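Some notes on the structure that comes next.
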Amino acid sequence: CQTMTTNGGDQGIDVICRAYLSEGDKVIIPFPEFSMYYQSAGIQGAEILEPRYKEEGKLPLEEILELLEDGKVRLVIFSNPNNPTGISTSVSDVERILEKAKEKDIAVLHDEAYFEFSKITVKDLIERYNNLYIIRTFAKAFGLVASRAGYVISQEDNIQELLKIRGPYDVNMFAKTAIFAALQDQKYMEDYVKEVMETSKPKLESFLGKKGISFYPSSANFLMLRIPNPEKLIGDLKSKGILVRPKKDSNGKEAIRVSIGTLKDTERFIEVFKGTQ
């Protein structure tokens, strides 16, 4: 078996960090990235190396390749598309990291949480790279957030080792039932993804463009808005029942991440946003 079901994608991250990291080890996690990477690596006592994403949102590829020369690095973690910017990294660039990391006996965790939206995956590289781990989740396109359902893809030997770390009862029956139900009606998910990416997202991008608001060209179902001093906007939206996430840009400045849902959801967001100006 090349997959391991997990209690949400977060558990996959945690188990892989526990498998590879100990006190004194180093892990490469570009900034900004999903907060769970830093937490799971930090709990293991690892030193976190944080090359920064470029101003245009691109992965700091050359910096990562250079850091792989450090003999204490045991793991590289990054999301593709990136969370929170939504910028994607090409499969060829990921393979450059995998190739060099394999030479150094370093594992690579490639987080594909937004795969259904972006269609970007390195799954076809699993057979060639025994240091590759892919994380996916049912929390995004399938909407099973509270069910805590995710999975890891890797070579069979790796999965067998991870199963020794993951608890035998970690995935509950409710999540298992929800996963089976979701997989039996994938058209529902596919229709939702199509609406988000082909209707809702272009509409929101057009609105933001007309307002002169800068955002990254995202490959996922969210946009990161580069708004100076966004606290007031966050509060105004919250007062109307809309939650957005405060985030740090690669330059350390405040920004917000807006998730994109159905066309109806997007139209409501736009109307509320207009009222805050």
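For region 11-35, the set of residues classified as farther than 24 Å from residue 58 by Cα, in contact with a strand residue (DSSP E or B) (Cβ under 9 Å, 6 or more places away or on another chain) and not polar (S, T, N, Q) consists of 12, 14, 15, 16, 17, 19, 20, 21, 24, 25, listed by residue number. Which residues, taken from region 112-123, are at pLDDT 95 or above and among the acidic types (Asp, Glu)? Matches in region 112-123: 112 only. Taken over region 181-201, residues that are open to solvent by 80 Å² or more (accessible area, probe 1.4 Å) and small (Gly, Ala, Ser) amount to 0.
Among the residues making up region 36-51, a single one is within 27 Å of residue 118 (Cα to Cα), assigned to a loop (DSSP other than H, G, I, E, B) and open to solvent by 20 Å² or more (accessible area, probe 1.4 Å): 50. Applying the condition of being open to solvent by 30 Å² or more (accessible area, probe 1.4 Å), modelled with pLDDT under 90 and among the acidic types (Asp, Glu) to region 202-255 and asking which residue is farthest from the chain's Cα centre (by Cα) yields 236. Evaluated against (1) without any contact (Cβ under 8 Å) to a residue 40 or more places away in the chain; (2) open to solvent by 90 Å² or more (accessible area, probe 1.4 Å), residue 161 falls short on exactly one condition, (1).
Only a single item in (1) crowded, with 23+ Cβ neighbours inside 10 Å; (2) in a loop (DSSP other than H, G, I, E, B) is not met by residue 54, and it is number (1). At least 2 residues being free of Cβ contacts under 8 Å to residues at least 60 places away in the same chain is the threshold, and among the strands (runs of 3 or more DSSP E) wholly inside region 192-277 those reaching it are 254-259. Filter region 57-72 down to the residues that are among the charged types (D, E, K, R) and touching a strand residue (DSSP E or B) at 6+ places or on another chain (Cβ under 7 Å), then identify the one that is least open to solvent (accessible area, probe 1.4 Å). This residue is 70. The number of residues in region 1-35 being assigned to a helix (DSSP H, G or I), open to solvent by less than 40 Å² (accessible area, probe 1.4 Å) and modelled with pLDDT of 90 or more comes to 6. The residues listed here are 262, 266; of these, the one that is among the hydroxyl-bearing types (Ser, Thr, Tyr), in contact with an Asp or Glu (Cβ under 7 Å, 6 or more places away or on another chain) and over 22 Å from residue 54 (Cα atoms) is 262. The number of residues in region 166-180 that are among the hydrophobic types (A, V, I, L, M, F, W, C) and either in contact with a Pro (Cβ under 9 Å, 6 or more places away or on another chain) or surrounded by fewer than 13 Cβ atoms within 10 Å (Cβ to Cβ) (or both) comes to 2.
The values are calculated or read from the model by the stated rules, or taken from the named source; none is laboratory data. Nothing here was measured: the structure is a model prediction, and the numbers come from that model. We place every Cβ from the backbone using ideal geometry, glycine too, and count neighbours over all the protein chains shown. Heavy atoms of the whole protein, side chains included, go into the accessibility calculation; ligands, DNA and RNA do not. Shrake-Rupley method; radii C 1.70, N 1.55, O 1.52, S 1.80 Å.
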